[in-house]
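The following block contains the structure, expressed as structure tokens.
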Amino acid sequence: MSVGDELLDVPLPSMVAKLGIGIADAQAALDQNSLKTLGELNADDNRIEVVTSLTRTITDEGVEFKDDGVVKSELTPFQLGLMPAFYQFSEATIDVKMDIKTTTQTDTSVTVGAEAKAGWGLYSASIKTDVEHNRKFGKEVNGTSHLVTKLVPVPPPERIEPETVTIDLRTPEGEGEDDE
């Protein structure tokens, strides 16, 4: 098998497909976790008593807080501004490195021996031949793959953050009083 054939046998399309499916599954799990956290942050049984308003009076003598101006409310962590973290995969990289080493070794040895005999009217000769032939093939393939993904936090979807409408029914100072 040639080096080119070895490289073609790397299942790169399969690796890319599995990476994409793995990222999609991980993203779905991250999104579900964020939604679960949102539900927990907004649950009524997680309400916390907080001071939402108090009266502070600043005079020449200093700052004074009055107990009668304290307003307490029970709010969920979500109402206090805590948001679940949302993440997305921003990058995915596959590095494939392959080292292919092919060796071929051929050993051939030939031994030739001759023997001759002579006698009264007779003559004989023999040739002895030993042939050895060894052929060795070796192939060594080393491969490594390296997978890198980058996960980044993203802001929560805009529709999750509630729009806050403030209605101020206070009368500005000086209005509504008789100017006699």
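Report yes if some residue within region 148-159 is within 30 Å of Ile94 (Cβ to Cβ), of a type in the set (Asp, Glu) and at pLDDT 70 or above; otherwise report no.
No, that holds for no residue.
Give the residue that is modelled with the highest pLDDT, with candidates limited to residues of region 34-49 that are touching an Asp or Glu at 6+ places or on another chain (Cβ under 8 Å) and not aliphatic (A, V, I, L, M). Break it down stepwise before answering.
First, pick out the residues of region 34-49 that are touching an Asp or Glu at 6+ places or on another chain (Cβ under 8 Å): 46-49.
Still in the running and not aliphatic (A, V, I, L, M): 46-47, 49.
Numbers: Asn46: 89, Arg47: 93, Glu49: 89.
Per the criteria, the residue is Arg47.
Now for a separate question. Would you mind telling me which numbered condition in (1) surrounded by 10 or more Cβ atoms within 10 Å (Cβ to Cβ); (2) at pLDDT 80 or above; (3) small (Gly, Ala, Ser) Gly81 fails?
Condition (1) is where Gly81 drops out.
Follow-up question, since we're still on this one. Restricting to region 64-78, count the residues that are under 53 Å from the mean Cα position of the chain (by Cα) and modelled with pLDDT under 70.
Of all residues in region 64-78, those under 53 Å from the mean Cα position of the chain (by Cα) come to 65, 67, 69-78.
Right, trim to modelled with pLDDT under 70 and you get 67, 69.
Residues meeting the conditions: 2.
Only one residue in Asp9, Asp31 is over 30 Å from Phe65 (Cβ atoms) and either modelled with pLDDT of 85 or more or small (Gly, Ala, Ser) (or both), so which one is that?
On the way: Asp9 fails: either modelled with pLDDT of 85 or more or small (Gly, Ala, Ser) (or both).
Answer to the check: Asp31.
The values are calculated or read from the model by the stated rules, or taken from the named source; none is laboratory data. Quantities reported herein were computed from a predicted structural model and do not represent experimental measurements. Here Cβ is always computed from backbone atoms with ideal geometry, including for glycine, and neighbour counts include all displayed protein chains.
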